[in-house]
Amino acid sequence: MAFTMKMCFSLVFLICLLNTGAGFGAEQFDYVIANGTIHDGTGKVIERGYVAVRDGKIHSAGPGEGPACEYRIDATGLVICPGFIDLHTHSDRGIVDPKSRGAVNYLLQGCTTSVTGNCGMGPIDVQKFYDNVDKAGAGTNVAHLLPQGELRSHVIGKVNRKATPAELQKMQRLTSQAMKEGAWGMSTGLIYTPSTYADTEELTALAKVIGDAGGIYASHIRGEEEGLVGSIQEAIRIGEDASIPVHISHLKVKGTPNWGTLRLAITLIREARDKGQRVTADQYPYIAASTSLAATIFPPWSMSGGVDQLVKRLDEPEVGAKIRAAVEKSLDIKEDGKQIVIAQYSPRPEWVGKNLREIAKAEQKTALQIAEEIMRSGGAQIVNFAMNEEEVRNAMTNPWVATASDGGVMIPDATRPHPRNYGAFPRKIGHYAIREQVIPLEQAIRSATGLPADILGLTDRGYLKPGQAADIVVFDPQTIIDTATFENPHQYADGMRYVFVNGVAAVYEGTPTGALAGRALRKKSAP
């Protein structure tokens, strides 16, 4: 019987029969996916198996053809695995926007759950955010972290100073409330304002509240260039003192002079884990980063109070000279701005896709002057080609490193964003695991399924086992690959045949259905 799109949207429950016989009393199933290679999220592989789904949950999974059922998906030659869990997205706005909440760029990567609130950015009213997700549904499930930067801004502002005891107590109360409303932990963005203005003591005090409620501390650490090792040490120390699991966001080292030091960071994490501390990381599999121009080349102290205050400082002779010297030094390390490509800048859209050095040459100015002009106009999003390919490969070989996009829900437009928004997961699986064989396929799949579920504390998804939510991906191992490039990033990935979110087909025979079956995932706070 053909599975029509109407059935896909309404999820009509079909009456299925067990292998053991037909008739009254036979079990009912929504569908059975059979004859595929099962990767269950643990790293275990079943060469020919099935998954049976009933009432939006996995009823059973294992070897063989499975129970009889009127609606069966033949997955011969395909891989069946849990839906991918992206621990690090910036989908906070897009996932509740009517234009983009379908999250097609993620569904076609196989992602069924997106973690928001990363890098200290996003809504701090967790209940309101979750309610907005559930009001109209979303393409993926959503789990939220309390963003420390926004929390600090709400209580203190974007100023560079120490929190008063009263302000710290207020942040702790709001942190406790966020956990009661279902947050999964707290994130920091310690290169961004005002997150960067919090010292270790302040971060530890907030992390203790999170840890007591059973959450995690996810950190975009204070430095990913020459300060990498000290920043990893700070995160580990916060985890020790606050008795909380530590998660390092987008593990990497940036800047040609710093290449080779990622191994030191990995060694620190391994040593902490060997001592029994819970320390993990995630990674996007690319040699370029992407963030704001301000966070990339301007010193954090210069951004206190926001862009308007930066402009005022630039106009002060002594302070302005100090800022320009720091920026020029940063640009020198980045080949006079060649490594920095404009991704989004509305005042001069013709600059999008070009690097600072070539823009400066065309405008007959210096890269420093172009950077200052951009900041005086409000800033820009950039792509920074700053990482080493061998270190990217080395990071993914560690069994405690999950895959994460560091991207966001988006639809094609005139911007030139990082291709990770469209291709991070298929790139890790299709390029690095299957084609390059940097890691085994089962490890690549675990890094997107069971591992992130364990890191976050999700207990009802991430594995193909009875009782888990039916977040399921079926992909073709021969064709799965990212097609998005830095030159042409708005390209959907290939290879996803079926994606189910809470039992509903969100991708059917390679085509998005428009289903909004994702929901807010609220963590039950520890007593």
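The values are calculated or read from the model by the stated rules, or taken from the named source; none is laboratory data. Keep in mind that what you see is a predicted model, and the values were worked out from it rather than measured. For neighbour counting, all protein chains shown are included, and Cβ atoms are generated from backbone atoms with ideal geometry for every residue, glycine included.
Considering only region 355-376, state which residues are without any contact (Cβ under 8 Å) to a residue 40 or more places away in the chain, basic (Lys, Arg) and surrounded by fewer than 17 Cβ atoms within 10 Å (Cβ to Cβ). Residues satisfying the conditions are Lys361, Lys365. Among the residues of region 400-431, those identified as in contact with a helix residue (DSSP H, G or I) (Cβ under 8 Å, 6 or more places away or on another chain), buried (at least 19 other Cβ atoms within 10 Å of the Cβ) and either over 19 Å from Gly495 (Cα atoms) or hydroxyl-bearing (Ser, Thr, Tyr) (or both) are Trp400, Val401, Ala402, Thr403, Ser405, Asp406, Gly407, Gly408, Val409, Met410, Tyr422. Look at Ala265 and say whether it is in a helix (DSSP H, G or I) and buried (at least 17 other Cβ atoms within 10 Å of the Cβ). Answer is yes for this residue. Going by what's in this entry, would Ala484 be described as hydrophobic (A, V, I, L, M, F, W, C), under 25 Å from Ser290 (Cα atoms) and part of a loop (DSSP other than H, G, I, E, B)? Here the answer is yes, as Ala484 does meet what is asked. The lone criterion from (1) on the phi < 0 side of the Ramachandran plot; (2) surrounded by fewer than 24 Cβ atoms within 10 Å (Cβ to Cβ); (3) in contact with a Phe, Trp or Tyr (Cβ under 7 Å, 6 or more places away or on another chain) left unmet by Pro466 is number (3). Selection over region 109-136 of residues that are buried (at least 24 other Cβ atoms within 10 Å of the Cβ), in contact with a Phe, Trp or Tyr (Cβ under 8 Å, 6 or more places away or on another chain) and over 12 Å from Thr89 (Cβ atoms) gives a count of 3. Criterion applied to Gly41, Gly49 was being assigned to a strand (DSSP E or B) and either outside the structural domain of His247 (by TED's automatic domain parsing) or touching a helix residue (DSSP H, G or I) at 6+ places or on another chain (Cβ under 9 Å) (or both), and the one residue passing it is Gly49.
Among the residues examined, Gly239 qualifies as part of a helix (DSSP H, G or I) and without any contact (Cβ under 8 Å) to a residue 60 or more places away in the chain.
Of the numbered criteria (1) more than 28 Å from the chain's Cα centre (by Cα); (2) touching a residue at least 12 places away in the same chain (Cβ under 8 Å), the one Gly379 fails is (1). The number of residues in region 164-205 that are more than 27 Å from Phe298 (Cα to Cα), within 23 Å of the chain's Cα centre (by Cα) and surrounded by 20 or more Cβ atoms within 10 Å (Cβ to Cβ) comes to 6.
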